[in-house]
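Shown next, in structure tokens, is the structure this report addresses.
The values are calculated or read from the model by the stated rules, or taken from the named source; none is laboratory data. As the structure is a computational prediction, the values presented were derived from the model and not from experiment. Virtual Cβ from ideal backbone geometry, glycine too; neighbours counted across all protein chains shown.
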Amino acid sequence: MTRRAFLIGAVGAAAAVTTAAVLAEPLVLQNTIFSGVPRGKRVSELFASDPFTVAHRGGSADWPEMSLFAYQQSAAHHVDALEISLARTADGVWFGLHDATLDRTSGTSGFVAADHTWSEVSKHTITAAETNDPAQPRRPYLRFEDLLREFGETHTIFIDPKVVPAEHFPELLKLTKRVSRPRETFVAKGYCTSGAWPAFAAEQKWRSWGYYYGAEIEVSPELLSSTQARWSSLGLDYQASSGSWSQVTALGKPVIAHIIPTRTDADRVRTLGAQGLMISGVTEVLG
């Protein structure tokens, strides 16, 4: 059993006494080693923890996003859970990709993933251009089944099918059944207005996470009230106002802050009521 402390540091000398008292307490994240892989937390354990961490795209500020290398590095830094967006190739291979095209992540032009086979996709690699170290090596795209082989029994995995049509969700479900306990492995992630995906997840009795942005809630207050029932947990961006945080946390569901680049940002959302921290800057937040 290893113990890794996530110390929430003092915000500053001018912080209120109550805030300083909260931040002075060390927040301990526990992990063990499972089959050579630093163990994260499965779903029930994850949501019983306060706080817990989720590596956004495997640590998108640190390593080429959604590469196996990124997830391995995040696990080595003892994150509790992993997050991946999924695309589907023309021949039915699900893999890590946030966008409809490979253009942003590999430098192609108009390369729509759904129009190409996995063989064609795998000829390209993921750039580190959007990380804190753009000069690091490019990395291969990652099939979802390979992520499951590596981490399906050790970590919770947040999955978001993004632009994949709902007609293909049964394929994805078949893949998820390759792990021993899918309900203890997967959380369905989606933008708050998504309908088909959280409904599909509810049929599988999976937990779900719908994310919001404070600026949108402030412009359209009904956005939160009209959609929050679809999700078993909620997300709010780390830059949202304290007023937006009060609205979301008042609903009584677990709230995960997204997408956190620094320790200072993590400190702030913890004082505002975030239970979970979806982080892009894994090395900065966890050290």
Only one of Gly235, Gly210, Gly243 is of a type outside the set (A, V, I, L, M, F, W, C) and either touching a Ser or Thr at 6+ places or on another chain (Cβ under 9 Å) or under 21 Å from Trp63 (Cβ atoms) (or both); which?
Gly210
Test set (1) out of contact with any Lys or Arg (no Cβ under 8 Å at 6 or more places or on another chain); (2) in contact (Cβ under 8 Å) with a residue 40 or more places away in the chain; (3) surrounded by 18 or more Cβ atoms within 10 Å (Cβ to Cβ); (4) within 20 Å of Val79 (Cβ to Cβ) - Thr271 fails condition number:
(4)
Look through region 125-147, keep the residues that are within 18 Å of the chain's Cα centre (by Cα) and surrounded by fewer than 18 Cβ atoms within 10 Å (Cβ to Cβ), and return whichever of them is farthest from Gly195 (Cα to Cα).
Glu130
Selected residue (only one of Val54, Val43, Val37 is modelled with pLDDT under 95 and under 20 Å from Glu145 (Cα atoms))
Val37
State all residues of region 232-255 that are in contact with a Phe, Trp or Tyr (Cβ under 6 Å, 6 or more places away or on another chain) and farther than 14 Å from Ile217 by Cβ; if no residue qualifies, say none.
Ser233, Pro254
Considering each residue of region 165-201, count those that are more than 19 Å from Phe151 (Cβ to Cβ), surrounded by fewer than 16 Cβ atoms within 10 Å (Cβ to Cβ) and touching a Lys or Arg at 6+ places or on another chain (Cβ under 8 Å), and give that number.
4
Name the pairs whose Cβ atoms lie under 9 Å apart, with the first residue in region 103-129 and closer than 12 Å to Ser67 by Cα and in contact (Cβ under 8 Å) with a residue 60 or more places away in the chain, the second surrounded by fewer than 16 Cβ atoms within 10 Å (Cβ to Cβ) and polar (S, T, N, Q), and 6 or more positions between them or separate chains?
Ala128/Gln136
Residue satisfying all of: in region 207-227; surrounded by 18 or more Cβ atoms within 10 Å (Cβ to Cβ) and more than 17 Å from Ser85 (Cα to Cα); nearest to the chain's Cα centre (by Cα) among these
Tyr213
Considering each residue of region 104-163, count those that are in a helix (DSSP H, G or I), over 15 Å from Gly59 (Cβ atoms) and of a type in the set (Ser, Thr, Tyr), and give that number.
2
Pairs only if they're at least six apart or on different chains, beta carbon under 7 angstrom, first in region 156-179 and within 19 Å of Ala81 (Cα to Cα), second among the charged types (D, E, K, R) and in a strand (DSSP E or B); list them, first residue then second.
Phe158/Glu83; Phe158/Lys189; Ile159/Lys189; Asp160/Lys189
Are there any pairs with C-beta distances below 7 angstrom linking a residue in region 132-145 that is within 22 Å of Ile260 (Cα to Cα) to a residue that is part of a helix (DSSP H, G or I), with the two at least 6 apart or on different chains, and if so which?
none
Given (1) in contact with a Lys or Arg (Cβ under 8 Å, 6 or more places away or on another chain); (2) farther than 29 Å from Pro64 by Cα; (3) not hydroxyl-bearing (Ser, Thr, Tyr), Glu222 misses just (1)
